[in-house]
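Below is one structure, written out as structure tokens; comments come after it.
The values are calculated or read from the model by the stated rules, or taken from the named source; none is laboratory data. Keep in mind it's a predicted model, so treat the numbers as computed, not measured. A quick note on method: Cβ atoms are made from the backbone with ideal geometry, for glycine too, and the neighbour counts reach across all protein chains shown. Heavy atoms of the whole protein, side chains included, go into the accessibility calculation; ligands, DNA and RNA do not. Shrake-Rupley method; radii C 1.70, N 1.55, O 1.52, S 1.80 Å.
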Amino acid sequence: MKFFIDTANLDQIKEAQDLGVLEGVTTNPSLMAKEGITGEANILKHYVDICNIVDGDVSAEVISTDFEGMVKEGEVLAALHSQIVVKLPMIKDGVKACKYFSSKGIRTNITLVFSVGQALLAAKAGATYVSPFIGRLDDISTDGLNLIAEIRQVYDNYAFDTEILAASVRHTMHVIDCAKLGADVMTGPLSSIEGLLKHPLTDIGLSKFLADYNKGN
Ligand code: G3P
């Protein structure tokens with residue numbers, strides 16, 4: 001399972017990249033706004049800055065909701081950098097735009113996916129990635145991880161190439177569960193990745209090793 005970080009914060013992206021396990025970045029208009037990045041020129045520049053930090057795919061989201069607008073925006077985004085993946089919403093025109101981009105060899109990420117039927121449509125339209133939002137399903141008392149399992153089953157039944165990018169990951173157990181269920185990628189906050197490091201027996205064991213070494217030196 002590939003590790004992506006879900007943020008537009010350059011410091012956090014650098015930190016994850018320095019750890020040596022980062023394989024991509026996802027962003028969305030809310031994450032850009034959170035970092036105070038507004039205005040088309042600044043947003044486009046920020047995508048390039050992100051690409052220059054990370055070795056891997058960087059999802060850049062369109063804000064148009066009609067086919068023509070999505071195509072126009074997506075082409076600008078894709079031309080920014082070879083690592084850019086055009087992120088499109090799971091609506092009718094988003095599916096059409098996905099089909100258009102896949103026929104042109106431009107990579108796509110279909111976002112705001114909340115059902116297996118939506119994921120099936122994304123795969124049929126040739127999406128590179130499909131982004132089921134597991135945390136937001138959990139928020140409304142619906143099992144987000146179950147959606148990952150269902151999509152995995154359907155995609156495996158027909159050997160679809162579309163990669164399952166588990167999104168709206170909120171914590172470390174989501175990361176572990178996504179890996180158990182066979183998600184191809186997970187995207188979450190830096191804390192969800194760093195949480196994987198933690199075990200009290202590691203800390204206790206290391207202290208003891210160091211204390212024993214120091215006894216003889
Ligand atoms: O990757 C999708 C993500 O940005 C949404 O996460 O935590 O706002 O549901 P969240």
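Things to note:
- A search for C-beta distances below 7 Å between a residue of the stretch 155-172 that is within 15 Å of residue 5 (Cα to Cα) and more than 13 Å from the ligand (Cβ to nearest atom) and any residue that is open to solvent by 50 Å² or more (accessible area, probe 1.4 Å) and of a type in the set (A, V, I, L, M, F, W, C), counting only pairs 6+ apart in sequence or on different chains, returns 172/196.
- Within the stretch 29-47, restricting attention to residues that are within 15 Å of the ligand (Cβ to nearest atom) and in a loop (DSSP other than H, G, I, E, B), the residue that is most open to solvent (accessible area, probe 1.4 Å) is 35.
- Any chance residue 143 is touching a helix residue (DSSP H, G or I) at 6+ places or on another chain (Cβ under 8 Å), more than 22 Å from residue 20 (Cα to Cα) and exposed (fewer than 13 other Cβ atoms within 10 Å of the Cβ): yes
- For residue 87, the test of being more than 21 Å from residue 172 (Cβ to Cβ), within 15 Å of the ligand (Cβ to nearest atom) and either modelled with pLDDT of 95 or more or part of a loop (DSSP other than H, G, I, E, B) (or both) is passed.
- Checked against (1) open to solvent by 10 Å² or more (accessible area, probe 1.4 Å); (2) within 25 Å of residue 179 (Cβ to Cβ), residue 13 passes all but a single condition, namely (1).
- Filtering the stretch 183-192 to residues that are closer than 15 Å to residue 22 by Cα and within 14 Å of the ligand (Cβ to nearest atom) leaves 185, 186, 187, 188, 189, 190, 191, 192.
- Residues in the stretch 96-118 include at least one that is open to solvent by 70 Å² or more (accessible area, probe 1.4 Å), under 13 Å from residue 162 (Cβ atoms) and in contact with a helix residue (DSSP H, G or I) (Cβ under 8 Å, 6 or more places away or on another chain).
- Each residue in the stretch 56-70 was checked for being outside any loop (DSSP other than H, G, I, E, B) and either under 21 Å from the mean Cα position of the chain (by Cα) or crowded, with 21+ Cβ neighbours inside 10 Å (or both), and 6 pass.
- Entry remark, the stretch 16-28: residues being assigned to a helix (DSSP H, G or I), open to solvent by 60 Å² or more (accessible area, probe 1.4 Å) and in contact (Cβ under 8 Å) with a residue 12 or more places away in the chain number 1 in total.
- Residue 137 touching a residue at least 40 places away in the same chain (Cβ under 8 Å), more than 22 Å from residue 86 (Cα to Cα) and either open to solvent by less than 40 Å² (accessible area, probe 1.4 Å) or within 13 Å of the ligand (Cβ to nearest atom) (or both): no
- Test result for residue 180, more than 23 Å from residue 71 (Cβ to Cβ), open to solvent by 50 Å² or more (accessible area, probe 1.4 Å) and more than 13 Å from the ligand (Cβ to nearest atom): yes
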